[in-house]
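Derivation of every value follows stated rules applied to the coordinates shown; laboratory data play no part. Small disclaimer: the values here were computed from a predicted structure and weren't measured. All Cβ positions, even for glycine, are placed from backbone atoms using ideal geometry, and neighbour counts span all protein chains on display.
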Amino acid sequence: MLKKILVAVVLVLAVGGAALYFFVLKDDPAPKLSVGDTPAGSDAGKVVDVEGAWTVKASTATNVGFRIQETFIGGAAKHTAVGRTPAVSGGMTIAGTKVTKAKITADLAAIEFTDTPAGLDVANRKRAIENAGLEIAKFPSAEFELTAPIELEAIPKGGVTVSAKATGDLTLHGVTKSVTFTIDAKIVNGTIVVATADPVSISLADYGMTPPKFGPVADVSKTGSFEFKVTLDRA
């Protein structure tokens, strides 16, 4: 009889643990920011004049964000936190087949988290990064400024995604570091949509940050990543 009870307890724990993982702690972060989900416009396949200055357009298609892994239950479960801000400003200049200037500034005070692990209260997450980690109260903005021209082989046609390397200074938490990453761009209905090809990995220590701890979170990774997708109109 005792053996049957023990077997039943083990089965309950196993099923309960599986349910906890799949329905509460399963890691299912928001898709990365990308130009891929931007449909081609009326200028698809046409050569578009992009020479000149462009300004970031405030829209639902403009976001700067970050991803970082959190650990719950003493390390038993992991979850990717995704925070994004639509409060983005800046612009770029194109001359011929080169992007000669570009600067993007993100208001971190407007960050909202797109993920909410079911059954877990992470409402304190935003408050936690006001005075720890990003320390938004002290460093309310992040900025990327191009330091070398982005070389394009040719001006792309409307609706066609092109990729290129971007090198510039990333200022985060009051620290500026040079970074190089791949961007994707697409011309859509007279606007230019630019996004990171993949989230760009960063080490928190490089920017003088200490991972915050709060609520049910047992640990926060020492590395994270940033991403952006911006829509630009003619200045």
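Hey, which aspartates and glutamates would be in cross-link range of Lys229, C-alpha to C-alpha under 16 Å, not counting anything within fewer than 8 residues on its own chain? In chain and number order, the partners are Asp37, Asp107, Glu112, Glu143, Glu145, Asp184, Asp198. For Phe139, no residue whose modelled amide H falls within less than 5 Å of its own remains once neighbours fewer than 5 places apart on the same chain are excluded. Note that segment 29-234, at 20 °C in a medium of 1.002 mPa s, gets a Stokes-Einstein diffusion coefficient of 120 µm²/s from its Kirkwood radius over C-alpha pairs. Phi angles across segment 132-148 convert, under the Karplus curve 6.51 cos²θ - 1.76 cosθ + 1.60 with θ = phi - 60°, into 3J(HN,Hα) values of 8, x, 5, 6, 4, 4, 8, 10, x, 9, 10, 8, 10, 10, 5, 10, 9 Hz, Gly and Pro given as x.
Of the listed pairs Lys103/Lys138; Lys138/Lys165; Lys101/Lys186; Lys57/Lys98; Lys126/Lys186, which have alpha-carbon separations greater than 27 Å here?
Details: Lys103/Lys138 21 Å; Lys138/Lys165 31 Å; Lys101/Lys186 18 Å; Lys57/Lys98 21 Å; Lys126/Lys186 33 Å.
Correct reply: Lys138/Lys165; Lys126/Lys186.
When +1 charges are put on Lys and Arg Cβ atoms and -1 charges on Asp and Glu Cβ atoms, the dipole computed for segment 105-209 relative to its Cα centre reaches about 100 debye.
Cut-off is 10 Å between beta-carbons; in what order do Leu204, Leu152, Leu108 appear when sorted fewest neighbours first?
Working: Leu204 20, Leu152 17, Leu108 23.
Least to most surrounded, the residues fall as Leu152, Leu204, Leu108.
Using a simple spin-label model with pseudo-atoms 7 Å out from Cα toward Cβ, Ala109 and Ala137 lie 1.3 nm apart. The ranking of Val99, Val160 from fewest to most other beta carbons within 10 Å of each one's beta carbon is Val160, Val99.
Label separation (Thr210 vs Asp49): 5.7 nm, computed from points 7 Å beyond Cα along the C-beta direction. The residue list Leu172, Ala95, Phe139 was ranked by how far each Cα lies along the charge dipole of segment 82-235 toward its positive end, using unit charges on Cβ atoms, and Ala95 comes out on top. Kirkwood analysis of the Cα pair distances in segment 131-219 returns a hydrodynamic radius of 15.4 Å.
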